[in-house]
Amino acid sequence: MLLVLGLYLSTAVYGAPTCPEGLTSENGQCSDDNECAWMFPICGLNAECHNTPGSYYCTCHTGYSSAKGRFTAEDSQCRDINECWEGKDKLCDSSQICTNTLGSYKCLCRDGFREDHRGDHACNDVDECVESPSVCGPRGTCRNTPGSYTCSCPEGFRNHGNNRGPCEDVDECIESPSACGQNGICTNTPGSYTCSCPEGFRKHGNNSRSPCKDVDECKEDGTICGPNGTCNNTPGSYTCSCLAGFRNNLSGSCEDVDECEENRPNCGPHGTCKNRPGTFACECPKGFKSKGNKAPCEDINECERGNICGSPLGGNCTNTNGSYVCECGPGYSNYGNHQGKCTKLACDGYDAEGPKEKAAGGLGRLWAKMRQNCEGLSKGKGQSSHAAGHGLLEDMLTGTDEFLSSGENMADGSKVTGLLTMMEKAMMLIGPQLKQNRTKMESQHTEAELAVNRGEAPPTGPVILATDNASFKTSWEIAAGNRTYPGFTVAALVSYRSLNSTPHSSFKALRAEMEANRSREVQEEQEEARRVEVRLEMASNVVTACVSNPDTHSLPQPVTLTLRHTQENNESAGLSYTCVFWDRDVWSQRGCVKVVSNSTHTVCSCYHLSSFAVLMALYDIKHTFELRLLTWVGLAVSLACLLLCILTFGLCRSIRGTRTTIHLHLSLCLFLADLIFLCGISRTQQPGCGVVAGLLHYFFLAAFSWMLLEGVQLYRMVVLVFHSSLRPTHMMAAAYGTPLAIVTLSAIAYPQGYGTHQHCWLSLERGFIWAFFGPVCVIIFLNAFFFLITLWKLAEKLTSLNPDLSNLQKIRSYTVTAVAQLCVLGGMWMFGCFMFQSVVMVYLFTILNSLQGALIFIMHCLMSKPVREEYAKFLRGICTPEKRYTDFTSNPSSNSSQQPLRSHQSTGQSQL
């Protein structure tokens, strides 16, 4: 405006026409001035200028407004219109927010929405749960909402504000300090918490968040403070109130106070302080006493008790500090025990000039030693006799060995009685002199164990003594008896290893009694009464059991003895064990009962004491008719048949050969064996029983040896055809020499094995019977092997293209007869192995023994055609004496029949 005004003034001054406002002078004329063109922007940036003649006006652009609709620059100006305010929510939808701009507005997507650029730019909801999986954290659960989302948190978790944001763990231990109770220990865990209780507190319930409550230790464990304390419960613990003499230890319980260590009470020079629960006491040794439990110990005058050393005449008491000494007068002794009562000695009981059994068998020296020892004690020289007692025991055992080493002493019952009587008296003299309470000593043939119990009062309780082969069980009450107690009690057990036999007369009365009892039992069980013979044998070692009680003939309670058998045998119908004792030269079972028995031991219960043993009773029922008749008849038939075989094989020249020689000697050995068996098998009481057993052993082995040679010969005939025959000298040496060597070695190794108490045959002890059965088994095995090979080769030859049938068939018949012979003789000894242990086996053995002679005669004589022809010629010669021949010869037919079987010198084939 100023410019226009200036132009106008200049025109007026210099003579130009003056134009009205809005017009300009041009060429002296006033023309319209377009203010919108030369005065831009005269309306401002937000308005539009409209030129008018001589003037102009302004209008606001869209989105702008002024106070006037049309205006000039001086009047007004265009201001921006806030469409969002004026249009409010009508301009944008609910998912958008209106934003004003200069001259216009914009619809922007709200939070949680996103503009869709593909279409109309609408705002779509954003699914934060998918796009941001962890928006609620690992524990939270996200749920989408229009423009937003919500987070659901599990128990123990939460988010901060409007259910949005990650779920975080709630620390219950901080927010709820008393969650575990006043005494519990809270430990936060993800989403929860746990409660742990300190010592002395316990949860009430199985929940890990249960609160902790105090444990009343006094109620739960009434002995927690011990018997000498009182328990007081406290929160989380307890206290113990101790009685006098007790105090709390580190664990809180009440322990005893050792007053002997802390207070050192005075118990005197001989007393000993002994701590006791809550107190102490002075313990006094033997010979001292205390006026009170806590007073010093003072000496006891034992001599004031009266007769402590025995009768006033026998012993004098002298008091010592803590003890006393008994001095015995002449004729009295306490056996070296200074506190023992003095007892009167009767040394006359050890006089060697007494009964005959005392001096029998060279025992007089031992009786003299006992008398000497007794007299030494009586004169007061035995006050320290422990060494003398031990030496006397050694002398007794050594002297007993000398007695037992002489077998002749066992043949006299009085000598056995002398030995056993001497041993009983010796044990009672030696026992009180031994220093040890238990003494065990053994020698070559004897073993002894002694037990001594000393004291002022009689002992009580069980006492058991044992040796290698026996044990003895009784009581100290039985051993001491009811008489005046001398201050000691002795029990002894002596075992004699070599006293395994006693005179036959010692069994006589017992055998008669047992035979009578057994016969009655058999008569009750069987219709026909048969006499029973009892054979008694020592089944254990003899033992002597004795005690210091002199009255042992009838005991109020039984004693028990367990005796070991010398050989293992089980009881059976024909064998039993009997408990016996030695009663003046004989064995008796009076007062003794067998409790139990097995193959190794027998337990005996007896109401008296003496020397004991276990007898093995063998009951043989005498089949006086059947068995004897069968034995005599069967063996007579067998001997007759064998004798015919011997004559046939020895006299018939036509059948002589290697095989005939074998049969001759086989029959001869069996004949001699059966003859000896018939005459001597039962002669057990005669000195020649061992010889009979040896001869039977030899001849039966020889018979089996000849059977082995027959198998070898048949094997050579079939398998080794081109070998020469067995030489007679070689056969004699093998068949008679080998058995002789076996019998000789067996007799040297165990001469007692020939002859038993039952029969004159080989003993079963130490396996000696295998000196016969061992070689027999070897021979049977070898023969079986040879016979199998022979039969196999025969089968091959018989199936060949050109068999020599005559030879092969005869060899086959010879083999079959040899096998049958081996089966009969071998089977017989299978039963003979047990013939003396069972009556049935005796019958079977006797039957087979009688059959073997008849079988050999039938197979080798009657079944042989040449032999039958010789028998026929012999019988015809007897019937027609004028045609008698001087010798048995074979006819041409028999010679021709035998000719193919004879060997030729050129071939070396075996002769039959």
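Any read-out appearing in this document is the output of simple, stated calculations on the displayed coordinates, not a laboratory observation. Everything quoted here is computed from the prediction, not taken from an experiment. Glycine also receives a Cβ, built like all others from the backbone with ideal geometry; neighbour counts cover every protein chain displayed.
In terms of the mean number of neighbouring beta-carbon atoms within 10 Å, the peptides 418-424, 430-436, 490-496 order highest first as 490-496, 418-424, 430-436. Close Lys pairs in segment 315-496, defined as Cα atoms under 13 Å apart and 8 or more places apart or on different chains, number 6. Magnitude of the charge dipole for segment 241-357, about its Cα centre and with charges confined to Cβ atoms of Lys, Arg (+1) and Asp, Glu (-1), is about 320 debye. With N as its number of residues, segment 131-170 has a Cα radius of gyration that, divided by 2.2 N^0.38 Å, comes to 1.03. For segment 435-449, backbone phi angles converted through the Karplus equation (6.51, -1.76, 1.60; θ = phi - 60°) give residue-by-residue couplings of 6, 7, 6, 10, 9, 10, 9, 9, 10, 5, 10, 9, 9, 9, 9 Hz, Gly and Pro being listed as x.
Fewest-first ordering of 478, 789 by other beta carbons within 10 Å of each residue's beta carbon gives 789, 478.
When 131, 537 are arranged by Cβ crowding within 10 Å, least crowded first, meaning fewest neighbours, the order is 131, 537. The calculated FRET efficiency for residue 68 paired with residue 145, based on their beta-carbon distance and R0 = 51 Å, is about 0.55. Ordering 472, 671 from the fewest to the most neighbouring beta carbons within 10 Å gives 671, 472.
Simple spin-label estimate for residue 730 and residue 875 gives 4.0 nm between the two label positions (7 Å along the Cα-to-Cβ direction from each Cα).
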